[in-house]
Number of protein chains: 2
Amino acid sequence: MILPNSTDFDPRLIAQLQFILELDRLKQILRQTSLTDNSRRENSAEHSWHLAVMAIALSEYAHKPINTNHAVQLLLLHDVVEIDAGDTFCFDEQSNQSKVERELQAAQRIFGLLPTDLAVTFRALWDEFEAGETPEAQFARAMDCFQPFLHNLQTQGGTWRKYGVSRERVLQRLQAVKIGAPALWGFVETQIAEAIAAGYLTDSVQSA
Amino acid sequence: MILPNSTDFDPRLIAQLQFILELDRLKQILRQTSLTDNSRRENSAEHSWHLAVMAIALSEYAHKPINTNHAVQLLLLHDVVEIDAGDTFCFDEQSNQSKVERELQAAQRIFGLLPTDLAVTFRALWDEFEAGETPEAQFARAMDCFQPFLHNLQTQGGTWRKYGVSRERVLQRLQAVKIGAPALWGFVETQIAEAIAAGYLTDSVQSA
């Protein structure tokens, strides 16, 4: 309804509304991770919300003093590119090879819907998360790994068991937690040991 | 998996994790509004994410200078009480009578999962949104009305048509936009006129 009458309004507002309507599609992008009651797969929009609230509730565990609100902004936008590029499962090596190119094109198109000043701001936030170099990006990336870790613990192994993921690969993936929120690392290690004991995760050293 | 071993960890962290796991349930709370492609109803977690990004993209339309990040925090938390209280459809007068009491109890329980300092902070954010008195709360409440308005326009009337909602009730509901983001009001009025012309909305004055 908005587009046919777009000539009646300020083009800046129309561009903002086009972006906002486009965002709605992120609610259709399904991740591999399930909700904690295992009823269905999580989508990337609700995942982004969950991470943003987690960042507020857990900011004290950041490795360096951070601007929590800035980390929240990074998390709100970090998955928007999946509208075009789809969700890339972190343990799928083949898809991860083409991920960068697909996501760069998506960022160009989707943030490009906005008026230039906002497009630049939003794109910079997405680039910052991807680069993972600022304290806020590092903490945000820690949250992005820690949340599916919690979900996998709650769903008796979830995607680890479904795809036979080994302890080594989980530990490798969770390095982001060690970097951005090292105070959570003790919890992570203990829970991984329990997940192995419970058979939720394969200890590939033992099974080799 | 987390709770049985909670004695091994700092009780503060365990309380934070219990809150974070509880948040997951907001993804199961369905609103009356549909996604813009009408494929399914929207849930309150993805709705909250959408509003938070909208607040960043549209902050220039606030009626007074606002701290955008503060408005984002209000929006991220404003629906958390629905985990216990359910979503109350804005045009359902009966449910709205019991809404306040149900949501107060929910706020008490859910934010009460957190360590006291965080519980106080989160509860204050929720109270501020509910009171709607600060510029940030007024802008946040404008976003909370403007987003389903956009969805109803995109879905050929959506909940307006499904429940036979009249122009007067929509205008009444959208007063929050007039208060918190008056620069969007011209757009709202024009689109309502078009929605009536298209039969998406009943002009109850004409039909009376």
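A short reminder: the numbers here are calculations on the coordinates, not readings from a lab. Keep in mind it's a predicted model, so treat the numbers as computed, not measured. Glycine gets a Cβ as well: all are built from the backbone with ideal geometry, and neighbour counts include every protein chain shown.
Plainly put, the tip 7 Å out from Cα toward Cβ on residue A:98 is 5.3 nm from that tip on each other copy, the closest given first. Only the Cβ atoms of Lys and Arg (+1) and of Asp and Glu (-1) were treated as charged; on that basis the dipole of the range B:89-205 about its Cα centre amounts to roughly 340 debye. Along each principal axis, taking the top coordinate minus the bottom one, the Cα set of the protein assembly as shown gives 76, 48, 37 Å in descending order. Each copy carries a label point for residue A:133 at 7 Å from Cα along the beta-carbon vector; from one copy to the others these points are 4.6 nm apart, nearest first. With the biggest extent put first, the Cα atoms of the range A:94-149 measure 36, 29, 18 Å across the principal axes. Only lysines eight or more places from residue B:162 in sequence, or on another chain, were considered; those with a Cα closer than 23 Å are A:27, B:99.
State whether the range B:9-62 is rounded, prolate or oblate according to the following rule on the C-alpha gyration tensor (a ≥ b ≥ c being the square roots of its eigenvalues): a/c under 1.5 gives rounded; otherwise a/b larger than b/c gives prolate, and the remaining case gives oblate. Oblate, because a/c is 1.5 or more while a/b does not exceed b/c. Taking a ≥ b ≥ c as the square roots of the eigenvalues of the Cα gyration tensor, an a/c ratio of 1.5 or more together with a/b larger than b/c marks the range B:128-208 as prolate. Each other copy holds its own label point for residue B:193; taking that point as 7 Å from Cα along Cα to Cβ, the gaps run 7.1 nm, nearest first. Ordering B:110, B:69, B:154 by the projection of their Cα atoms onto the charge dipole of the range B:68-208, which places +1 on the Cβ of Lys and Arg and -1 on the Cβ of Asp and Glu, puts B:154 at the extreme positive end.
Taking only the alpha carbons of chain B, we obtain Rg and Dmax values of 18.6, 68 Å in that order. Taking a Cβ cut-off of under 15 Å around residue A:180, the surrounding Lys, Arg, Asp and Glu residues balance to a net charge of -2, with basic ones at +1 and acidic ones at -1. The residue A:101 and residue B:108 beta-carbon pair, evaluated with R₀ = 41 Å, returns a calculated FRET efficiency of approximately 0.25.
Counting Lys and Arg as +1 and Asp and Glu as -1, each charge on the Cβ, what is the dipole of the protein assembly as shown about the Cα centre in debye, to the nearest 20?
Here the protein assembly as shown has a charge dipole of around 600 debye.
Going by a ≥ b ≥ c, the root eigenvalues of the Cα gyration tensor, does the range A:166-208 fall in the rounded group (a/c under 1.5), the prolate group (a/b larger than b/c) or the oblate group? Oblate, since a/c reaches 1.5 and b/c is not below a/b.
For the range B:98-180, averaging the sequence separation of C-alpha pairs within contact (under 8 Å, six or more residues apart) and dividing by the residue count gives a relative contact order of 27 percent. Before rounding to the nearest 500, sum -39500 (n - 2.57) across all DSSP H runs of length at least 4 in chain A and divide by the residue total; then give [θ] at 222 nm in deg cm²/dmol. About -19000 deg cm²/dmol. I'd like to know which of B:131, B:94, B:166 lies farthest towards the positive end of the charge dipole of chain B, counting +1 on Cβ of Lys and Arg and -1 on Cβ of Asp and Glu. Result: B:166. Across all directions, the shadow cast by the convex hull of the range B:28-114 built on its C-alpha atoms averages 7.1 square nanometres.
Please compute the Kirkwood hydrodynamic radius over the range B:86-180, one decimal place, Å, based on all pairs of different Cα atoms. Over the range B:86-180, the inverse of the mean reciprocal pair distance is 15.0 Å.
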